[in-house]
1. When region 142-189 is examined, which residues are found to be closer than 30 Å to GLY132 by Cβ and in contact with a Ser or Thr (Cβ under 7 Å, 6 or more places away or on another chain)?
2. Note down all Cβ pairs under 6 Å where the first residue falls in region 40-52 and is on the phi > 0 side of the Ramachandran plot and surrounded by fewer than 19 Cβ atoms within 10 Å (Cβ to Cβ), the second is part of a loop (DSSP other than H, G, I, E, B) and at pLDDT 95 or above, and they're at least six residues apart or on different chains.
3. With the checklist (1) modelled with pLDDT of 95 or more; (2) surrounded by fewer than 21 Cβ atoms within 10 Å (Cβ to Cβ); (3) over 30 Å from GLY306 (Cα atoms) in hand, flag the one item ALA211 doesn't pass.
4. Looking for something of a type in the set (Val, Ile, Thr), assigned to a loop (DSSP other than H, G, I, E, B) and surrounded by fewer than 18 Cβ atoms within 10 Å (Cβ to Cβ) - is there at least one such residue anywhere in region 121-132?
5. Could you check how many residues of region 9-28 are part of a loop (DSSP other than H, G, I, E, B) and either surrounded by fewer than 19 Cβ atoms within 10 Å (Cβ to Cβ) or at positive phi (or both)?
6. I need the full set of residues from region 66-100 which are closer than 21 Å to GLU41 by Cα, buried (at least 17 other Cβ atoms within 10 Å of the Cβ), of a type outside the set (S, T, N, Q) and out of contact with any helix residue (DSSP H, G or I) (no Cβ under 8 Å at 6 or more places or on another chain), in order please.
7. Which of the residues spanning region 274-302 are assigned to a loop (DSSP other than H, G, I, E, B) and surrounded by fewer than 11 Cβ atoms within 10 Å (Cβ to Cβ)?
8. Only one of (1) surrounded by fewer than 19 Cβ atoms within 10 Å (Cβ to Cβ); (2) among the aliphatic types (A, V, I, L, M); (3) part of a helix (DSSP H, G or I) is not met by ALA156, so which one is it?
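The values are calculated or read from the model by the stated rules, or taken from the named source; none is laboratory data. These figures come from a predicted structure and were not determined experimentally. For neighbour counting, all protein chains shown are included, and Cβ atoms are generated from backbone atoms with ideal geometry for every residue, glycine included.
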Amino acid sequence: MAHQSKLVSLSEAVALHVPSGASILMGAAMEQMIPFSASHEIIRQNRRDLTLIGPISDVLFDQLIGAGCASRVHAAWVGNVSAGVAYNLRRAMEQGTPRPVEFTDYTNFTIALALHAAALGVPFLPTRSTLGSEVLARNPNLVEFRSPVSEETLVAVRALAPDVAVLHVQRADEYGNAHVWGGLGVAIDGARAAKKVIVVAEEIVAPEVIASDPNRTLIPGILVEAVVHDPWGAHPSPVQGCYGRDHKFFSEYHDRSRSTEDFDTWLKEFVSGVKDRAEYMAKLGDERRHALEVKEHAPTAPADFGY
């Protein structure tokens, strides 16, 4: 039986697989390959009551919070890595604007363990991490217990299985088999932990290209519900081998999100005021885009899979 293509537009992927009330993993690769185009489409489709899951999402979570899409966050940190505070998160936590947000505090390691546990299909994983810290008091998914094996006190990290994981990759075929490289963060465990996976790819290639390097196929199509072709979909975050981080954009966002009014103006300009990523990039301009393109390519040596 022939494989069925999973290639859809970003708007279709969000409409079909990201309902209001869902828990969604984004920013799984830490500071690279953050799926900003997908988050902007979620905002345009007016999703509400989302639970945002991720280690360090840079300003992606801040934008979803400011747009009123999120009611809960499970994360190690939410902010603007190169500029500082996440103003929308602060307003939501301190003033309930535009709506209150419940924050469950993880460390990077414990959120990685929570996703790994779900990927393994076990209810929790043990660790010594966070013992003696205040994080235990702020997170009901971290529970001290006495080990039946060693008698020592450990922390049980409850499994965390998102309804949807949105993962940005360098390339994929139309069936969702994806090549990804560079910093991976918790993306691979996230793909196995989530109930559904949406892959957003810089490039769609023939299945033969993916099959030529099976060790780089870290997200197999069998896990993927939808695959989207969306070049520059991670901007302003970087994508290894494709484009660099737009430091200027993060600085500009910092200045333009200081107040609710300023953020609303920014949101209309870069999210609700554009229909897709192509229109967003056109607004940035060719000069800005060219400045971010890779200047020194560093391809790997070919690998011989012959036998």
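1. Within region 142-189, LEU142, GLU144, ARG146, LEU154, VAL155, VAL157, PRO162 meet the criteria.
2. ASP49/SER20; ASP49/GLY21
3. Evaluating ALA211 over (1) modelled with pLDDT of 95 or more; (2) surrounded by fewer than 21 Cβ atoms within 10 Å (Cβ to Cβ); (3) over 30 Å from GLY306 (Cα atoms) leaves (3) as the failure.
4. Looking only at region 121-132, we keep the residues that are of a type in the set (Val, Ile, Thr), and these are 122, 127, 130.
Then drop every residue that is not assigned to a loop (DSSP other than H, G, I, E, B), which leaves 122, 130.
Right, trim to surrounded by fewer than 18 Cβ atoms within 10 Å (Cβ to Cβ) and you get 122.
Yes: region 121-132 contains one or more residues that are of a type in the set (Val, Ile, Thr), assigned to a loop (DSSP other than H, G, I, E, B) and surrounded by fewer than 18 Cβ atoms within 10 Å (Cβ to Cβ).
5. Qualifying residue count for the region: 6.
6. If the condition is that a residue be closer than 21 Å to GLU41 by Cα, buried (at least 17 other Cβ atoms within 10 Å of the Cβ), of a type outside the set (S, T, N, Q) and out of contact with any helix residue (DSSP H, G or I) (no Cβ under 8 Å at 6 or more places or on another chain), then GLY68 is the only one that fits.
7. Keep residues of region 274-302 that are assigned to a loop (DSSP other than H, G, I, E, B), which gives 274-276, 285, 294-302.
Within region 274-302, GLY285, LYS295, GLU296, HIS297, ALA298, PRO299, THR300, ALA301, PRO302 qualify.
8. (3)
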